[in-house]
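The values are calculated or read from the model by the stated rules, or taken from the named source; none is laboratory data. These figures come from a predicted structure and were not determined experimentally. Note that we place each Cβ from the backbone using ideal geometry, even for glycine, and neighbour counts take in every protein chain shown. Each accessible area value is taken on the protein alone, full model and side chains, heavy atoms only, with ligands, DNA and RNA left out. Shrake-Rupley method; radii C 1.70, N 1.55, O 1.52, S 1.80 Å.
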Amino acid sequence: MRGFRREGCAVLQADVVIVGAGAAGLMCAFNAAARGRRVLVLDHANKAGKKILMSGGGRCNFTNLYTEPANFLSANPHFCKSALARYTQWDFIELVARHGVPYHEKKLGQLFCDHKSSDILALLLAECDRYGVDIRLQTPVQDIQRLEPGYRLQTGLGAVACQSLVIATGGLSIPTLGASGFGYQVARQFGHQVLPTRAGLVPFTVTEPGLKAMCNELSGTSVECRVSCNGESFRENLLFTHRGLSGPAMLQISSYWQPGDLLEIDLLPDHDALAWLAEQQAARPNIELKTLLGEVFTRKLAGLLVEQGLASRPLRQYTPGELRALGERLGAWQVQPAGTEGYRTAEVTLGGVDTREVSSKTMESRLAPGLYFIGEVLDVTGHLGGFNFQWAWASGYAAAQYV
């Protein structure tokens with residue numbers, strides 16, 4: 001192993017051990033190694049960066065042009081500011097350009113690879129190789145003990161001792177890719193609070209018979225909308241599925257939804273629904289409601305909206321009260337999900353290691369010197385569209401300057 005040594009015959013010595021070979025862990029690894037640190041990365045999976053490879057539909061939405069602290073959720077909203085200011089989206093874009101990875105802006109500042117997500121993983125691995133990072137896969141960590149100073153780990157490689165230990169194990173989302181609660185266990189072992197976790201950026205399920213039938217019939221249909229819940233609002237596409245409601249709009253708002261909450265969906269985000277209907281009634285009194293809606297939505301969606309209670313008649317036949325009810329149905333459709341699809345399909349985990357016990361500058365534990373937490377294991381979650389990757393880059397870079 002390059003640059004590493006054994007203490008006696010038993011213990012492997014490294015300056016920095018990083019547990020987790022994902023986005024944050026790899027970012028931290030090569031930046032720490034660039035400072036001359038001997039870095040060992042351990043991961044129980046058989047491949048590095050599995051979530052990178054599946055992200056963005058296989059094209060990795062690796063950052064967002066409009067990254068700012070307001071795009072992140074945390075019980076401690078100021079925590080992310082320092083790291084995001086010191087390693088910005090422009091810094092990562094420069095790294096991408098330096099490696100010749102072609103990319104494009106899809107919408108709303110979201111940057112995607114032109115080709116494959118593996119381009120970003122290859123970039124990270126190339127930087128790790130350049131600086132001599134040792135990455136060991138299929139190497140679980142069984143035990144961690146505090147030394148004075150540093151840490152000793154019992155691993156698939158045997159005993160490993162280090163000065164700095166970085167936990168970059170992510171959250172609970174998508175367990176089929178190897179996600180586990182290991183990082184939270186480590187945090188609790190060393191006295192940290194772990195805030196309650198739940199699935200975020202996740203589709204909704206529905207059970208109400210009428211809505212479920214509608215979703216089944218419209219499965220695969222997408223429509224732009226504005227969805228609101230608990231004072232937050234997002235304008236994006238809604239996707240009907242045979243399980244319920246998905247698409248970027250639903251994934252975004254899921255991070256603010258709690259069981260029992262209603263979603264308010266505006267199917268006409270470019271219009272005041274009631275004013276638009278009144279204008280259409282005045283200008284085209286003889287057009288059937290179903291025909292009018294068919295000009296705005298797909299014919300199938302228009303038909304099902306009518307079947308769900310917007311009885312179709314010529315517009316001139318609607319009274320002001322009926323028109324107001326139609327406007328509320330189109331502009332403020334109230335939906336109560338049964339739940340979400342959970343960690344199985346969630347893109348992120350909400351909650352995590354309480355950031356009040358972690359330095360926002362260095363990512364070091366305030367309770368256990370030499371212990372660092374980066375990426376999704378912390379109680380910092382970005383909105384959809386590359387923000388979570390930018391947090392991985394920024395938090396990994398921040399820790400790398402101090403490990």
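A few notes on this one:
- Among the conditions (1) of a type outside the set (Asp, Glu); (2) in contact (Cβ under 8 Å) with a residue 40 or more places away in the chain; (3) open to solvent by less than 50 Å² (accessible area, probe 1.4 Å); (4) farther than 24 Å from residue 229 by Cβ, the only one that residue 298 does not satisfy is (3).
- Residue within the stretch 372-388 that is of a type in the set (Phe, Trp, Tyr), buried (at least 24 other Cβ atoms within 10 Å of the Cβ) and not in a strand (DSSP E or B) present: yes
- The set of residues in the stretch 272-289 being open to solvent by 80 Å² or more (accessible area, probe 1.4 Å) and over 17 Å from residue 312 (Cβ atoms) consists of 272, 279, 282.
- Near pairs, Cβ below 8 angstrom, 6+ apart or cross-chain, from the stretch 154-178 (over 16 Å from residue 17 (Cα atoms)) to any residue that is among the polar types (S, T, N, Q) and outside any strand (DSSP E or B): 172/180; 174/345
- The one condition in (1) within 18 Å of the chain's Cα centre (by Cα); (2) at positive phi; (3) at pLDDT below 95 that residue 309 fails to fulfil: (1)
- Condition met for residue 368 (surrounded by 15 or more Cβ atoms within 10 Å (Cβ to Cβ) and in contact with a Cys (Cβ under 7 Å, 6 or more places away or on another chain)): no
- Residues in the stretch 310-355 that are free of Cβ contacts under 8 Å to residues at least 60 places away in the same chain and either open to solvent by 60 Å² or more (accessible area, probe 1.4 Å) or assigned to a helix (DSSP H, G or I) (or both): 15 in all.
- The helices (runs of 4 or more DSSP H) found wholly in the stretch 15-123 include none carrying at least 3 residues that are buried (at least 16 other Cβ atoms within 10 Å of the Cβ), without any contact (Cβ under 8 Å) to a residue 60 or more places away in the chain and of a type in the set (Asp, Glu).
- Residue satisfying condition, being open to solvent by less than 30 Å² (accessible area, probe 1.4 Å), in contact with a helix residue (DSSP H, G or I) (Cβ under 6 Å, 6 or more places away or on another chain) and not hydrophobic (A, V, I, L, M, F, W, C), within set 158, 150, 170, 181: 170
- Strands (runs of 3 or more DSSP E) completely within the stretch 191-298 that count 3 or more residues being over 15 Å from residue 334 (Cβ atoms) and within 27 Å of the chain's Cα centre (by Cα): 194-200, 222-229, 232-240
- When we screen 106, 116 for residues that are within 17 Å of residue 385 (Cα to Cα) and modelled with pLDDT under 95, the only hit is 106.
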